[in-house]
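A quick write-up on the structure given underneath.
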Amino acid sequence: MDREQNIAPPNPKDEVLRKVGRNLLIFQQIESLLKMILGNSKVQGYVRELAFKQEQRINGMQKDMMGQLIQRYFDEILSSSDEEPQRPRDLMEPWLSSSFKIAVDAVFAKNQLEAFEMMREERNRLVHHFLPYWQSDSPENLIQTSDYLDKQREKILPVWDHLKFVAKTMQQARQELASYMGSNEFDQQLKLLWLQQSLLIQLFCDIAMQIGRADRWACLTYAGKLVHMQLANDVAQMNATYGYHSFKKLLIASGQFEIWDKALPYGGSRTFYRIRPDHN
C-alpha cells in the first residue's frame, strides 16, 4: 500500500479551526506591522530626548483600534502633505525631526485605503461574527466555512504583503540614517545647523538688515557692540559653545555671510559683513 494511501484526510472540523488560527495570526501580524511602522515613522525633539520620545509614541498607540491605526497610516505614511515640524522657538541645543513617508498618487492611495477597510471588515467578521459559520455537526457547513476562510486569506494577503514591504523599506532607511548619523559628515552638519539657528547668528542677521548700507554691507564692529548689549551671556559662552572666540570667525563658520575687510587710508582695515544672497 502506498504511503499516500496511509495518510488519512484531514478532519473537516480540525481544518476549519486551523484556518481560523491561521487567519487570526495574519490579522495580528498586520496590526503589529501597523504599530511598528507608525511607532518608528516619526520622531522629533532634542537629541537627548529622542529615545524617550519614540518610546512614548510607541506606547501611546498600543491600545489603538484597527480603524484608528489605519487612519493614522494614511494620514502619516501614505500622505502627500508635507508639514513643517514644530520646533522650539529658541533652540539651546541640537534638535532633530525625522519622518518616514511613501510618495504615492491619489489613485494608489484610494485603492490601498479600500483594501485596508476591507481587511478591517474581514477581521471584524472573523473576530466578532464567526459563530454563525461554526456548525461543527454539519459536514457541508464545515466545507463551506473552510472555503470561506481560504478566500478571506487571499483577500487580505495583499495588505499584509504591502505592510511587509513598507516595514522592510523603512528598516533599510533607518539603517542608512543611523549610518549617516554616526559619520563625521553628520556631526559637522549638525554643528553647522546648530550654529546657524543660534541666537547669535539670528541677531547678526537682524542687525545686518537694520543697519546695512544700500549695498547691504554692515560694520561688524558696530554690530558686535549691539550683540554684546543684547546677548551678553551668549557672547561670554561663545568660545565654549561654538569654538570661536571672535565674531568674524563665528560668521564665517556659519556660512551665511560674506565678509569684506576694507583697507583704510592710513593702514589697517575695517571689517564689514552682509547676508549671502542665497540666505536672504
Worksheet entry | 19 Å Cα-Cα reach of Lys13 towards aspartates and glutamates, excluding residues that sit fewer than 8 places from it in its own chain | Asp137, Glu140, Asp147, Asp150
Worksheet, complete the sentence: Among segment 40-58, those whose backbone N falls under 18 Å of a label point 7 Å along Cα→Cβ from Gln175 are 40-41
Worksheet entry | Set of lysines near Lys35 by C-alpha distance (under 24 Å), chain-local residues within fewer than 8 positions excluded | Lys53, Lys63, Lys101, Lys110, Lys155, Lys164, Lys168
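Let's see if you can work this out: charge +1 on each Lys and Arg Cβ, -1 on each Asp and Glu Cβ, no other charges. What is the dipole magnitude of the chain about its Cα centre, in debye to the nearest 20?
Approximately 1120 debye in magnitude.
Normalised by the residues of segment 3-181, what does the relative contact order come to in percent, with Cα pairs under 8 Å and at least six apart?
On the way: 135 pairs, mean separation 59.0, N = 179.
Relative contact order, segment 3-181: 33 percent.
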Response to the item:
Checked against the structure, the computed Kirkwood radius over Cα pairs in Å among (1) 24.4; (2) 20.0; (3) 23.2 is the one labelled (1)
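Under the 0.36 nm per residue contour assumption, what length would be gained going from the current alpha-carbon distance of Ala167 and Glu258 to full extension?
Details: separation 91, 0.36 × 91 = 32.76 nm, distance 4.54 nm.
Gain on stretching Ala167 to Glu258: 28.2 nm.
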Worksheet entry | Theoretical gain in end-to-end length, Lys249 to Asn184 [0.36 nm per residue, Cα-Cα removed] | 21.3 nm
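Please give the peptides 128-140, 206-218 ranked by average Cβ packing (other Cβ atoms within 10 Å per residue), highest first, as a rough proxy for protection.
Working: 128-140: 11.2, 206-218: 14.4.
Listed from highest to lowest mean packing, they are 206-218, 128-140.
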Worksheet item: Ranking Leu199, Leu126 by Cβ neighbours within 10 Å, fewest first, what do you get?
Response: Leu199, Leu126
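Values quoted throughout were computed directly from the atomic coordinates according to the rules given, and no laboratory measurement underlies them. On a predicted model such as this, the values are computed, not experimentally measured, just so you know. Virtual Cβ from ideal backbone geometry, glycine too; neighbours counted across all protein chains shown.
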